[in-house]
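Engineer: First, the structure itself, so that you have it in front of you.
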Amino acid sequence: MGGTNPYIEKSDTTLPTTSFTITFIAPDQTTTKVQVDPKKIPYGHTGLPGSVLDIAMGNGVDVEHACGGVCACSTCHVYVKQGLDSCNDGTDDEFDQLDEAPAITLSSRLACQCVPDGSMDLVVEIPAVNKNLVKEAH
Ligand code: FES
């Protein structure tokens, strides 16, 4: 599964034209610095093109995404600790889903809906409570 969800409000995004970095902080506090190449966007077919999830998956960074990146779960919840101002505004549909995530803060976003424009470097923390309950049930 993946791609976009035709049943939700379209997100207004601006894709980057210059390279920037995203530093991912995993739940065990290990960091992975990704140099984003605008020419490679979209990296795949999961989440909005150029989203934090798209970039993570295209660079081997593990972020849960139970619904396949179509804004229909909250397992891709992340904290954008730096560079949030360079990202698209979240839609009402995104914030409705985020309400289901534990421990949300003002820096919370759904990785599949959060698209940076490349004007700032990002620091993105993947919360320890970000678990795919569907996967864990098996
Ligand atoms: Fe389901 Fe992002 S992967 S909302």
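Coordinate-derived values only; no laboratory data. What you see is a predicted model; the values in this text were computed from it and never measured. All Cβ positions, glycine included, derive from the backbone under ideal geometry; neighbour counts span all protein chains shown.
Engineer: Show the residues, 5+ positions off or on another chain, whose built amide H is closer than 5 Å to the amide H of Val124.
Structural biologist: Excluding prolines and chain starts, which carry no amide H, the hits are Thr23, Phe24, Ile25, Lys81.
Engineer: How high is the relative contact order of segment 4-77, given as a whole-number percent (alpha carbon pairs under 8 Å, six or more residues apart)?
Structural biologist: Numbers: 89 pairs, mean separation 16.6, N = 74.
Computed value for segment 4-77: 22 percent relative contact order.
Engineer: Calculate for the chain the 222 nm mean residue ellipticity that helices alone would give, adding -39,500 (n - 2.57) per DSSP H run of length 4 or more and normalising by residue count, nearest 500 deg cm²/dmol.
Structural biologist: -3000 deg cm²/dmol
Engineer: At q = 0.15 Å⁻¹, what is the log10 ratio I(q)/I(0) for the chain, with the Debye formula run over Cα points and no solvent?
Structural biologist: -0.63
Engineer: How many lysine pairs in the chain, separated by 8 or more positions in sequence or lying on different chains, have Cα atoms less than 23 Å apart?
Structural biologist: For the chain, the number of qualifying lysine pairs is 5.
Engineer: Could you give the size of the charge dipole of the chain about its Cα centre, using +1 on the Cβ of each K and R and -1 on the Cβ of each D and E, expressed in debye and rounded to the nearest 20?
Structural biologist: The dipole magnitude comes to about 480 debye.
Engineer: According to the square roots a ≥ b ≥ c of the eigenvalues of the Cα gyration tensor, what is the shape class of segment 53-92, taking rounded for a/c under 1.5, prolate for a/b larger than b/c otherwise, and oblate for the remainder? Intermediate results must be reported in sequence, preceding the final value.
Structural biologist: Working: a/c = 1.96, a/b = 1.17, b/c = 1.68.
In terms of gyration-tensor shape, oblate.
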